[in-house]
Amino acid sequence: MGLEVIPEEIRQRYHVEERRHASAILTADFKDELQDILDCLRQFKLLRSEIIVGGGGKSKIASRFDDFLFQKGWREKTTKIGKTVDGKTTDLETHKVDFCKSRIAVEVEWNNKDPFFSRDLSTFRLLHEQDIISVGVFITRMDELQEIFDALGDDIGAKYGISTTHWGKLLPRIAAGEGGACPLLLVGISPKCYVDDVQ
């Protein structure tokens, strides 16, 4: 069982990869959580009007993933882990995972600084080693979207720079083993998700 469990309509619009049989685990043991993720991907559109809008803080693009998953019962989660050696306990606190439900963790990295990938992978690794999560899911943008951003103007292209979170920054970190043995489902937002809604 491989990525064929991900519907063709999703694989047509997104670039999807997995590590360590993540899709088989989701299909066998976490069908409801997988369905939430697939439904979230189905409803998402990358709108030109949301790309060109200015301002700081979380973008409308990332917020639409967040809003959908929140309505399905996914919640931000921080896990505290204590390690005891020779009677001395050290508290290890992970950063907050964007969304957790059951034993599935999801990070949406649309346009953060690229070191966020290392932080996320380290957290997934630790939570998996401690038997807290079974699968980690990344949703990020494909490198090919840069052509669209550049075509919308120099200021837009610069906003989505090479040092921000995108597919080309994620895969080398995974290949280097930063996620440990945690099964991963990797979803890249491709140009096929783009809709020019500006008249």
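Tell me which residues come under 5 Å, amide H to amide H, from Ile81 once H is placed; ignore anything under 5 positions away on its chain.
Residues meeting the criterion, in which the H sits 1.01 Å from N, are Leu92, Glu93, Thr94.
For a bin width of 10 Å, list the pair-distance distribution of the chain built from all Cα-Cα distances, rounded to whole %.
All Cα pairs, binned at 10 Å, distribute as 8, 35, 36, 16, 4, 1, 0 percent.
Which of rounded, prolate, oblate describes segment 1-116, given a ≥ b ≥ c as roots of the alpha-carbon gyration tensor eigenvalues and a/c under 1.5 marking rounded, otherwise prolate only if a/b is larger than b/c?
oblate
State the three equivalent ellipsoid semi-axes of segment 148-199, derived from the C-alpha gyration tensor as the square roots of 5 times its eigenvalues, in descending order and whole Å.
29, 15, 6
Between Asp131 and Lys60, what is 0.36 nm times their sequence separation minus the Cα-Cα distance? Round to one decimal in nm.
22.2 nm
Taking square-rooted eigenvalues a ≥ b ≥ c of the alpha carbon gyration tensor, is segment 105-167 rounded, prolate or oblate, where a/c under 1.5 means rounded and, failing that, a/b exceeding b/c means prolate?
Since a/c reaches 1.5 and a/b is larger than b/c, the shape of segment 105-167 is classed as prolate.
Please work out how many pairs of lysine residues in segment 68-118 are eight or more positions apart (or on different chains) and have Cα atoms closer than 14 angstrom.
Taking segment 68-118 as the scope, the lysine pair count is 4.
Mind listing the long-range amide H neighbours of Glu18? Cut-off is under 5 Å, sequence gap 5 or more, other chains count too, H placed in the peptide plane at 1.01 Å from N.
Sorted by chain and number, the residues that satisfy this are Leu186.
Between Gly157, Val195, Leu170, whose Cα lies farthest towards the positive end of the dipole of segment 149-199 when Lys and Arg beta carbons carry +1 and Asp and Glu beta carbons carry -1, centred on the Cα centre?
Leu170
Expressed as a whole number of Å, what is the distance separating the alpha-carbon centroids of segment 97-145 and segment 1-73?
Here the two parts' Cα centres lie 13 Å apart.
Mind putting a number on the dipole of the chain about its Cα centre? Charges go on the C-beta only, +1 for Lys and Arg and -1 for Asp and Glu, and I need it in Debye to the nearest 20.
For the chain, the charge dipole is close to 420 debye.
No lab work stands behind these numbers, since they all come straight from the coordinates. The structure presented is a predicted model; accordingly, all values stated were derived computationally and were not measured. Here the Cβ is made from the backbone with ideal geometry for all residues, glycine too, and neighbour counts use every protein chain on show.
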